[in-house]
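A.B. asks: I'd like to ask you about the structure that follows.
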């Protein structure tokens, strides 16, 4: 096995991971302590498969229909059964919360910003009113 200057003196497994990372265009962790673990974590994050919410719901509903065993469904969709059951649990909990009516609508960033500005204006107005009241009380004495 030919070693170049970047892999001399390192573990062959680390060298192969760093070579794969270089080929994938991910920056190497170099000789830093724990660098290989960080590099592997970055590779996993970069290559992680992201599944849309619509697809998750479709998969869960297919599993509820029982037309196909869950293990076969998971194999076909290339997910683990643990992920399927986690999604199923989340799906059921969300359904229960919706039926109970204790779901809250999430605010958008614009709404949050507007409410923060309004809150600041109200605090300023309250401070001014408190100051005027204090001055009025002092004038009566």
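Bear in mind these aren't lab numbers, they're just calculated from the coordinates by the rules spelled out. Note that the structure is predicted; figures quoted are calculated from it, not measured. Backbone-built Cβ (ideal geometry, glycine too); neighbour counts: all protein chains shown.
A.B. asks: Subtracting the Cα-Cα distance from 0.36 nm times the residue separation, let me have the gained length for residue 111 to residue 76 in nm, one decimal.
C.D. replies: Result: 8.4 nm gained on full extension.
A.B. asks: Is the range 27-141 rounded, prolate or oblate when judged by the Cα gyration tensor, a ≥ b ≥ c being the square roots of its eigenvalues, rounded requiring a/c under 1.5 and prolate requiring a/b larger than b/c?
C.D. replies: Cα axes put the range 27-141 in the oblate bin.
A.B. asks: If you don't mind, there's one more thing I want to ask. Classify the range 38-92: rounded, prolate or oblate, from the alpha-carbon gyration tensor (a ≥ b ≥ c, eigenvalue square roots; a/c under 1.5 rounded; otherwise prolate if a/b is larger than b/c)?
C.D. replies: Prolate, because a/c is 1.5 or more and a/b exceeds b/c.
A.B. asks: Which shape class, rounded, prolate or oblate, goes with the range 76-141 when its Cα gyration tensor gives a ≥ b ≥ c as root eigenvalues, a/c under 1.5 marks rounded, and past that a/b bigger than b/c marks prolate?
C.D. replies: Prolate, since a/c reaches 1.5 and a/b exceeds b/c.
A.B. asks: Ranked by Cβ crowding within 10 angstrom, fewest neighbours first, how are 90, 110 ordered?
C.D. replies: The order, fewest Cβ neighbours first, is 110, 90.
A.B. asks: Ranked by Cβ crowding within 10 angstrom, fewest neighbours first, how are 118, 77 ordered?
C.D. replies: Working: 118 10, 77 16.
Least to most surrounded, the residues fall as 118, 77.
A.B. asks: Going by how many other Cβ atoms sit within 10 Å of their own, how do 112, 53, 70 line up, fewest first?
C.D. replies: Fewest to most other Cβ atoms nearby, the residues stand as 53, 112, 70.
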